[in-house]
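Trainee: The structure is given below, and queries will be raised subsequently.
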Amino acid sequence: MSRTKRRALAAVSLLIAGGVLAAAGPAQASGPAIPTMTTIRTGLNTGFDRVVLDLSGGSAPAVSYQLVDELTADPSGEVVWLTGEYFITVSATPAAAHDAGGNPTYTGPQKFRTRNLANVMAVAVTGDFEAHLTIGLGVRSRTAVNVFTLTAPNRVVIDVAH
C-alpha cells in the first residue's frame, strides 16, 4: 500500500473514531442519577452506635469500610483531625454530597461531635470527589463494624459496636 493511501486510510479511521467518541459522549453524560447525601443522622442503640447517611435519587451505592490510623481528605490526602482514639473510613460509590451543578446537597457540618453515642465520638465528611463519597468516624475503642445499605429511601448505615 502506498504512503498516500495509508495516510488517507488513517485520516478516515480517525474521523470515524472521532465521530463514534463524540456520539458516545452525550449518552454517557445522561447515565443513571448518582445518589446524593442529604443528611447524616446518629443514634444510640442497645449494643451499637448507628450513623445513617440519607441519600436521594439513583440506586443504592456500593459501600465498604476500613480501620485506619488517621483520616485523610479525598482527593488532597491532607490529614483530617477528628476526635477519637481509632478511626474508621467509610466509602460509598457512586455517591456525592453535591448535585450535577456543584451545589451542596448536604448542608450540615463537615465535622461534628457525637456526645450522645457510646463509642463513636465524632463524624466527618472526608471526601466528595468524582462520585466517591467518604465519611470518617472517630471512635473510643476498636470494635465490630457493620456497613450496609437500605433502600426506599436509600441510606448508608454504619453500625459500630460498644
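The values are calculated or read from the model by the stated rules, or taken from the named source; none is laboratory data. Please read all numbers here as calculations on a predicted model, not as lab measurements. Cβ sites come from the backbone with ideal geometry, for glycine too, and all protein chains shown count toward neighbours. Accessible surface areas use protein heavy atoms only, side chains included; no ligands, DNA or RNA. Shrake-Rupley method; radii C 1.70, N 1.55, O 1.52, S 1.80 Å.
Trainee: Can you work out which of the residues in the stretch 145-162 that are touching a residue at least 60 places away in the same chain (Cβ under 8 Å) and among the aliphatic types (A, V, I, L, M) is most open to solvent (accessible area, probe 1.4 Å)?
Mentor: Among those that are touching a residue at least 60 places away in the same chain (Cβ under 8 Å) and among the aliphatic types (A, V, I, L, M), it is 150.
Trainee: Now for a different question. Quick check: is even one residue across the stretch 132-147 touching a Lys or Arg at 6+ places or on another chain (Cβ under 8 Å) and within 21 Å of residue 44 (Cα to Cα)?
Mentor: The answer is no; no qualifying residue exists.
Trainee: If we keep just the residues of the stretch 68-81 that are in contact with an Asp or Glu (Cβ under 9 Å, 6 or more places away or on another chain) and more than 20 Å from residue 140 (Cα to Cα), which is surrounded by the most Cβ atoms within 10 Å (Cβ to Cβ)?
Mentor: Ranking the candidates gives 74 first.
Trainee: A further question on this structure: Test residue 130 against the criterion of being charged (D, E, K, R) and at positive phi, and give yes or no.
Mentor: When the stated conditions are applied, residue 130 passes them.
Trainee: Report the residue count in the stretch 122-134 for those that are open to solvent by 20 Å² or more (accessible area, probe 1.4 Å) and either of a type in the set (Ser, Thr, Tyr) or assigned to a strand (DSSP E or B) (or both).
Mentor: 4
Trainee: Collect the residues in the stretch 35-67 that are acidic (Asp, Glu) and either surrounded by fewer than 19 Cβ atoms within 10 Å (Cβ to Cβ) or not in a strand (DSSP E or B) (or both), keeping them in residue-number order.
Mentor: 54
Trainee: Name the residue, out of 92, 122, 96, 131, that is of a type in the set (A, V, I, L, M) and either farther than 18 Å from residue 62 by Cα or out of contact with any Pro (no Cβ under 9 Å at 6 or more places or on another chain) (or both).
Mentor: 122
Trainee: Shifting gears a bit: Is it fair to say residue 84 is open to solvent by less than 60 Å² (accessible area, probe 1.4 Å), under 25 Å from residue 33 (Cβ atoms) and assigned to a loop (DSSP other than H, G, I, E, B)?
Mentor: Here the answer is no, as residue 84 does not meet what is asked.
Trainee: Restricting to the stretch 43-99, give me the number of residues that are on the phi > 0 side of the Ramachandran plot and at pLDDT 95 or above.
Mentor: Looking only at that region, the number is 2.
Trainee: Return the residue satisfying two criteria in turn: it lies in the stretch 97-134 and is aliphatic (A, V, I, L, M) and over 22 Å from residue 68 (Cα atoms), and of such residues it is farthest from the chain's Cα centre (by Cα).
Mentor: 100
Trainee: Hey, another quick one. How many residues does the stretch 87-120 hold that are surrounded by fewer than 20 Cβ atoms within 10 Å (Cβ to Cβ) and not polar (S, T, N, Q)?
Mentor: Qualifying residue count, the stretch 87-120: 14.
Trainee: Of all residues in the stretch 135-162, which are under 14 Å from the mean Cα position of the chain (by Cα) and assigned to a loop (DSSP other than H, G, I, E, B)?
Mentor: 154
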